[in-house]
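To keep things clear, I will list the structure first and then write my remarks on it.
The values are calculated or read from the model by the stated rules, or taken from the named source; none is laboratory data. A quick note: this is a predicted structure, and the numbers were derived from the prediction, not measured. Here the Cβ positions follow ideal geometry from the backbone for every residue, glycine too, while neighbour counts run over all protein chains shown. Just so you know, the surface numbers come from the protein's heavy atoms only, side chains and all, with ligands and any DNA or RNA stripped out. Shrake-Rupley method; radii C 1.70, N 1.55, O 1.52, S 1.80 Å.
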Amino acid sequence: MYHRVAELDLDPYRLAVTPDRFARQVAHLARLRCVVPLGEVLRPSRAARIAITFDDGYLDNATVAAPLLADAGLPATWFITSGRLGGQRFWWDRLAHALLGPHPLPPAVDVRVGDASLWLDLRDDAARDVALRFLHRRLRPLPPDRLEAAISALLSDLATPEAPPDELSMRHEHVRALAADPLFEVGAHTLTHLQLSGQEPALQRREIFDSVGDLSTLLDREVTSFAFPFGSDSAVGPLAPQLAREAGCRLACSTRHDRVTANDDPFLLPRIAVGDWEPAELERVLAEVLQ
Ligand SMILES: [Zn+2]
């Protein structure tokens, strides 16, 4: 599981692998000769196999990661937040930039998040980092409209500039270009990247069905793979896997750290988050998980 391939000044969530390291990881994975399309992992086999996935739909996936994978002949699945296409920024990047970006901030600020009034200590880097993680935890369970309103209010309270353009999402043509490559599959990742557990069932259904449906329409083909945003068991909840199945998907991915086995629910497949590692470290983590 990857998210971004980029050289970032700010990566507090550790979502990025630098392009140089990613190129070396790709060369290593190509040498292993066991990278398969994601759907293949559902077929029983005695051989170890690896599937590559990217979550969210960052622009760098299309412009940096996809060409490297295509050159190496490696298949991959791109899970797209379909309602955030068009060069938008994700709320967690806007939040990180506001709190950790290179601009002055007041030493403390009062903000409202959901129903709560909060006082945030912003006096130094450590305090700002604590504030970021605290707000991220508070914001994540909100439904999309309240979350966006809370982020906008927060950014206006802090009076900070907007996040830089290197944090943009793909546009529609990028997704179409990915899907046109026979190596690549496009999967869905909800409309707005909400945490599904705890949301109204009708909202969960709309976010799952409409992201699958909108991408199917955009690409004029079936979309049969899904990944749950923030995909831990507690963030997915009991209803979402069933809805992904009803929406016509054949599989869905979580973020539980493990290999896939024949005993796994195909609608809660575990994955390994790949870090900004040299191939030796990737090899070590894979060996640990596959043994
Ligand atoms: Zn995601």
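Let me check I've understood the local charge: for TRP78, count other residues with C-beta under 11 angstrom from its C-beta, Lys and Arg +1, Asp and Glu -1. What total comes out?
Overall, the nearby charge balance is -4.
For q values of 0.11, 0.12, 0.17, 0.21 Å⁻¹, compute log₁₀ I(q)/I(0) with the Debye formula on a Cα-only model of the range 167-291, without solvent.
-0.43, -0.51, -0.96, -1.22
Within 14 Å, Cβ to Cβ, of ASP125, how many net charges do the neighbouring residues add up to if Lys/Arg are +1 and Asp/Glu are -1?
Neighbourhood net charge equals -1.
For the range 1-73, give the percent of accessible area contributed by carbon and sulfur heavy atoms, probe 1.4 Å, rounded to a whole number.
C and S fraction of accessible area: 49 percent.
What does the C-alpha gyration tensor say about the overall shape of the chain? Classify as rounded when a/c is under 1.5, otherwise prolate if a/b is larger than b/c, or oblate.
It is prolate, given that a/c is not under 1.5 and a/b is the larger ratio.
Within the range 252-266, list the residues whose amide N lies under 18 Å from a label point set 7 Å along Cα→Cβ of TYR13.
Once the point is set 7 Å along Cα→Cβ of TYR13, 253-257 turn out to lie under 18 Å by backbone N, inside the range 252-266.
Of the residues ARG94, ARG133, ARG43, which exhibits the maximal mean-square fluctuation in a Gaussian network model of the chain defined by a 10 Å Cα contact cut-off?
Its mean-square fluctuation being the largest, the pick is ARG43.
Counting only heavy atoms of protein chains, what accessible area per residue, in Å², does the chain have with a probe of 1.4 Å?
46
At 0.36 nm per residue, and after removing the present C-alpha to C-alpha distance, how many nm does the segment from ASP121 to GLN291 gain when stretched out fully?
Full extension from ASP121 to GLN291 adds 56.7 nm.
Tell me the net charge near GLU7. Cut-off is 12 Å between Cβ atoms, GLU7 excluded, with +1 for each Lys or Arg and -1 for each Asp or Glu.
Net local charge, GLU7 excluded: -4.
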